[in-house]
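Notes for the one structure printed next.
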Amino acid sequence: VPEETNLLIIPDAGSNDIEQCKKLSESGMDILVLDHHECDIENLYAIIVNNQMCDYPNKQLSGAGVTYKFLQALDSELWEDKSSKYLDLVALGLISDNMKVTSLETRYLIDSGMSCIRNKMFKAFIDAQAYSLGNNFSAKDIQFYVSPLINGLIRAGDFEEKDMMFRAFIETDEVFEYKKSKDAVSVLESIYDRVARISNNAKNRQNKTKDKSIGVIISDIERRGQHNNKIIFSNVTESLSQSLTGITAIKIAEYFHKPCLLLRKKSADEVEKDAPVIYSGSGRNIDNSPVTNLKDFLEELNLFEFVQGHQGAFGCEIKKDNIPLAITEINKRLKDVDFTPFIACDFILDEDDLTIGLVKDIYDLRNYFGTGFNEPIIAVEKLCVRPDQFTLMGKENSSWKIITDEGVAIVKFKVKENDALKVAMQKGSDDVYITVVGRANINSFKGILTSQLVVMDYE
């Protein structure tokens, strides 16, 4: 922070950073925190605006949402109306931070922002993902196709690239020369198109690095038998970039279907001299976890230096000597807890009940779906598959489709060569009965609309 700074505003962080705020406050700096993270300690060195620490009813506002509420209050004080022009960015922040749309205020802010997207950078991201988003995209589509680009640049981009994205979001209207290849003619590229392009590149770099690290970490966990514990603790000091810890922890947790903590040893310059060895990192829970409030559960062990953030996604620190104690105590407390993976279904239907009308009714609700109000998952039991109903699709026959007697397409993408149904049908098997689990969708191809169930799993 520059020494001449008189006021430091910290959005989406700061509530728990007592020591840092104290140091800055004692230097004569005023601090305003606009945060939404849970905090059980009092920060006397900053003005804290945090919806988790007061009686404000909506706990489903992200840091972007709390910042917007502050700007609304500022408008009221100054007799202005400037905050509403940022509603599209408020929506993007709420969507990207997985806030539950079951809160009416959060739902309203997302709908209001999505109905009037005007920020040039936000529009450029949408244009860059136009093929995937289509014409009638939803908040969930933004979460799936736009948010990862922003996240990718933040995690895998350098400082200059991150600074450029900041300038783009505040609409500096800069223009750059750009060559697609060494011999190509230079063209002018707006800062918005440039950031969208380098964000996609950064996301690809991030995914490549992450996927390589995931394989190493999984092998290490299995070799050490750490997956036999109720909560996985893994030392990733040498195997993972710090910026990728959280996003990788999600994948490790999903792979083993258990909560996961990825930890790295703090370097000597990060701790006081002669201090105990400390490990810090990220924790992630799984969907439908039997340990609902993972953060609170770990805090109650009284073995961590801190566990801060959200219940299912948080940062933590723990002394090296306390790690075996924590694992032992966790295994003891959760000894009867079953982490066997399952898919929770909203509908369990017979084949005749899966109709074109039902698929359309669910698909028409797609703009309402989001965190906390998830897209329904449908199970169809005893689905009879006749050879004449079964078709392989794709250049390498890597997907299959079944057309039911009701006219609904049951589709599974990217199947393996030894996929059981594919093998059975290729061998000319008689009728096969399967149970499928999937999500309703309507596919548009060359103007033809097809009601379909996209298969997540089957047996």
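Computed values, structure above
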read-out	value
Percent carbon-and-sulfur accessible area, the chain, ignoring ligands, DNA and RNA, probe 1.4 Å	50 percent
Under-5 Å amide H pairs with PHE233, H placed in peptide plane, nonlocal only	LEU261
Listed pairs LYS123/LYS203; LYS208/LYS319; LYS203/LYS265; LYS22/LYS69 exceeding 20 Å between Cα atoms	LYS208/LYS319; LYS203/LYS265; LYS22/LYS69
Percent RCO, i.e. relative contact order, over the chain, from Cα pairs under 8 Å lying at least 6 residues apart	9 percent
Rounded to 5, percent antiparallel among DSSP beta bridges of the chain	70 percent
Label-point separation, ALA13 to ASP430 (7 Å along Cα→Cβ), nm	6.5 nm
Proximal aspartates and glutamates to LYS85, defined as alpha-carbon separation beneath 16 angstrom and excluding residues fewer than eight positions away on the same chain	ASP75, ASP111, GLU171
Computed E for ILE356/ASN288 - FRET, C-beta separation, R0 41 angstrom, nearest 0.05	0.85
The chain, helix-only ellipticity at 222 nm - DSSP H runs n ≥ 4, -39,500 (n - 2.57), divided by all residues, nearest 500	-11000 deg cm²/dmol
Exposed-loop-free span, longest in the chain, where chymotrypsin sites (Phe, Trp or Tyr not before Pro) count as exposed if DSSP calls them loop and at most 13 other C-beta atoms lie within 10 Å	80-341
Rg [Å, one decimal], Dmax [Å, integer] - region 234-387, C-alpha atoms	20.9, 71
Rounded Å value of the spacing that divides the Cα centres of region 4-27 and region 75-125	26 Å
Where GluC sites (Glu not before Pro) fall in DSSP loop in region 368-458, at most 16 other Cβ within 10 Å	GLU396, GLU406, GLU417
Residue-by-residue Karplus 3J(HN,Hα) for region 184-190, coefficients 6.51, -1.76, 1.60, Hz, glycine and proline x	6, 6, 5, 10, 8, 10, 5
Calculated FRET efficiency for the pair ASN302/SER27, C-beta based, R₀ 30 Å, to 0.05	0.35
Stretchable slack from ASP173 to TYR255, in nm (0.36 nm times residue separation minus alpha-carbon distance)	25.2 nm
Probe 1.4 Å, accessible area per residue of the chain, Å²	56 Å²
Residues with amide H under 5 Å from that of LEU8, placed H, sequence gap 5 or more	ASP30, ILE31, LEU32
Range in the chain, longest, excluding exposed trypsin sites (Lys or Arg not before Pro) [loop by DSSP; at most 12 other beta-carbon atoms within 10 Å]	83-178
Cα gyration tensor, region 329-459 - rounded (a/c under 1.5), prolate or oblate	oblate
Rg/Rh for region 1-101, where both radii come from Cα atoms and Rh is the Kirkwood radius	0.99
Those GluC sites (Glu not before Pro) in region 18-84 that DSSP places in a loop and that have at most 12 other beta carbons within 10 Å	GLU42, GLU80
Rg/Rg_globular for the chain, with Rg_globular taken as 2.2 N^0.38 Å and Rg from C-alpha atoms	1.11
Spin-label pair GLU3/GLU329, simplified geometry with 7 Å Cα→Cβ offset, distance in nm	4.5 nm
Cα→Cβ-extended label distance, 7 Å offset, between PHE413 and PHE373, nm	2.5 nm
Calculated FRET value between ASP183 and GLU80, using beta carbons and R₀ = 41 Å, to 0.05	0.20
Integer Hz, Karplus 6.51/-1.76/1.60 couplings in order for region 339-347, x for Gly and Pro	9, 4, x, 8, 10, 7, 9, 8, 10
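The values are calculated or read from the model by the stated rules, or taken from the named source; none is laboratory data. Just so we're clear, the structure is a prediction, and the values are computed from it rather than from any experiment. Using ideal geometry, Cβ is built from the backbone for each residue, glycine included, and neighbour counts are taken over all protein chains shown. Accessible surface is based on the protein model in full, side chains and every heavy atom, while ligands, DNA and RNA are left aside. Shrake-Rupley method; radii C 1.70, N 1.55, O 1.52, S 1.80 Å.
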